[in-house]
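Working notes, beginning with the structure itself.
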Amino acid sequence: MKTKPFPSRTFLTGVISGLLAGAVVGQLEKLTDRLVGEEQKRREKQVREDSAHKMAGPYFARKIVGHELTEAQKRRSRVVFGVAYGVMWGLIYAGLRQRLPVVRNAMGLPFAVPFFLGCDGGMAPLLGVSPGIQKIPWQINAKELGNHIAWTLTAEAVHRLAPRLVERAGEIPSRAERERRYGHEQEAGPVEP
């Protein structure tokens, strides 16, 4: 009989998956941005300065400190927001995939579209970070949807890989165990019984 993972393991995997997925999407963004034409980027700049995700950190930081930010403060606020966003959505995804088998069985894809619509189409406009997706060129929205799909696939991959890594880590004896077995310190690695 298969047992459910410990809540602390699910929590930790959720945090790690959200952070790693954010890092992957950050790199993917550099590649996919090249696929959007200059005309669409110009039309986007007419309605917002940058993507909702890039605008959110400085937006919330300005609200907190009560004044305009320097460029360095804007960069730091983007990093802080990215970490908080990754952790929050990583935990939400971890909980949903545990409770809804269809989410994990479909590699998280049933989560990706509502994730995009909830963030870019709902929260960002409601909070005043970005206009609604209907005002953004469809090519930009397609790229952002792709980013949310990539985020979800990465998070799911982490959740699927984590138990294997934990199991494999159990195969590696501690330093004390290696010294007991062999009488001297050896490199860590899988050990044959």
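Note the per residue figure in Å³ for the convex hull of the C-alpha positions in segment 1-90. Let's see the in-between values first.
Numbers: hull volume 12.7 nm³, N = 90.
Residue-normalised Cα hull volume stands at 141 Å³.
Taking Rh as the Kirkwood radius, which is the inverse of the mean 1/r over Cα pairs, what is the Rg/Rh value for segment 25-73?
Numbers: Rg = 13.3 Å, Rh = 12.6 Å.
Reported Rg/Rh (Cα atoms, Kirkwood Rh): 1.06.
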> Projected area of segment 53-184, taken from the Cα convex hull and averaged over every viewing direction, in nm²?
Replying inline: 12.6
> Relative contact order, percent, of the chain when contacts are C-alpha pairs under 8 Å separated by at least 6 residues?
Replying inline: 31
>> How much length would be gained if the chain were fully extended between L165 and E68, taking 0.36 nm per residue of separation minus their Cα-Cα distance, in nm to one decimal?
In response: 30.4 nm
> When only C-alpha pairs under 8 Å and at least 6 residues apart count, what is the relative contact order of segment 63-140, in percent?
Replying inline: 11
> What FRET efficiency comes out for the pair A157/L35, r = Cβ-Cβ distance, R0 = 35 Å, nearest 0.05?
Replying inline: 0.95
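Read-outs throughout are calculated quantities, based only on the coordinates presented, and are distinct from any laboratory measurement. Since the structure is predicted, the reported quantities are computational estimates derived from the model, not experimental observations. Because the Cβ atoms are built from the backbone with ideal geometry, glycine has one as well, and the counts that use them run over all protein chains shown.
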